[in-house]
Amino acid sequence: MDGTDREPLANGEAREVTTQIVQLPPKHLPANVWRSGAEMQGAREFRRKTGLDYESMVGHLVDTAEVQPGIRALDVETGTGFIARQLSIRIGPTGRVVGIDESDVQVEHARLGAKSAGLTMRAEWRIASAAKLPFDDEEFEIVTCGAAFHRLPTSEFLSEAHRVLKPSGRLIIADEIKAPAGVFTAWLTLLNTYERVIRRQPVNPNERFFIAEEIVDMLSSAGFSQIVVKGLQARNRRGRAFSLIKAVK
């Protein structure tokens, strides 16, 4: 449902929550930053799972972040660094992007991708946990997290993201949001059982998808306001819709 609501916070301030479904127009990002075979495979897997074009989603994420030249941005669970590289193009030579990931293999992929795209001087890469960001308070104007929120320690990550953001800094999360309880419940139970038992699909016990209201509550508890949820598609057969969430410190 589309709409905007204002709800009181504990400190008396108003929280603005907007939910909407938007159309995702195709975006053709610069070819010189779309090189990695692993990224191409990841994009195909993303389309298989969500039905969305990965390039278009990333372009929309960067647009939503309202990137300005010369700022500092942090990309959490950066993977091969594709989102971070797109941010670095918008930020320009006077800005800086930092990408972190817990996997040393992914961080090395990110380094190679930035080198191949000629963006080494604009980006740096670190092995680090989303639950304990190795940065000073109020160091970044933007924090992004693409398609990874469902497997993070959410409370710790949101608290850390709020800490490292400057006042009026923006957190952008791109991930699937599930339907409220009771919607498609029986069907989803059967589908999950089929994929786990019959198709022997691996199950990640650390994955947890949230409904929009849960994410809004978690963001508010972490100190964020002006929370906007944009659904990029209708719910899929798993009862989830890939969405963008924007929150301001």
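The values are calculated or read from the model by the stated rules, or taken from the named source; none is laboratory data. Source: prediction; values computed, not measured. Here Cβ is always computed from backbone atoms with ideal geometry, including for glycine, and neighbour counts include all displayed protein chains.
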The lone exception for MET57 - which of (1) modelled with pLDDT of 90 or more; (2) outside any helix (DSSP H, G or I) it fails: (2)
Test set (1) within 17 Å of GLU214 (Cα to Cα); (2) among the hydroxyl-bearing types (Ser, Thr, Tyr); (3) surrounded by fewer than 17 Cβ atoms within 10 Å (Cβ to Cβ) - THR154 fails condition number: (3)
Hey, THR144 touching an Asp or Glu at 6+ places or on another chain (Cβ under 9 Å) and surrounded by 14 or more Cβ atoms within 10 Å (Cβ to Cβ) or not: yes
Total residues in the range 90-114, condition part of a helix (DSSP H, G or I) and surrounded by 18 or more Cβ atoms within 10 Å (Cβ to Cβ): 8
Boolean, GLU124 is among the acidic types (Asp, Glu), more than 15 Å from the chain's Cα centre (by Cα) and surrounded by fewer than 19 Cβ atoms within 10 Å (Cβ to Cβ): yes
Subset of the range 139-160 that is in a strand (DSSP E or B) and of a type in the set (A, V, I, L, M) - its residue that is farthest from VAL76 (Cα to Cα): ILE142
Residue that is nearest to the chain's Cα centre (by Cα), among those in the range 161-180 that are part of a helix (DSSP H, G or I) and of a type in the set (A, V, I, L, M, F, W, C): ALA161
Residues (crowded, with 21+ Cβ neighbours inside 10 Å and either more than 20 Å from ILE83 (Cα to Cα) or aliphatic (A, V, I, L, M) (or both)) located in the range 165-176: LEU165, LEU171, ILE172, ILE173, ALA174
Verdict on THR80 being hydroxyl-bearing (Ser, Thr, Tyr), in contact with a Ser or Thr (Cβ under 6 Å, 6 or more places away or on another chain) and at pLDDT 90 or above: yes
Residue tally, condition part of a strand (DSSP E or B) and not basic (Lys, Arg), over the range 220-249: 13
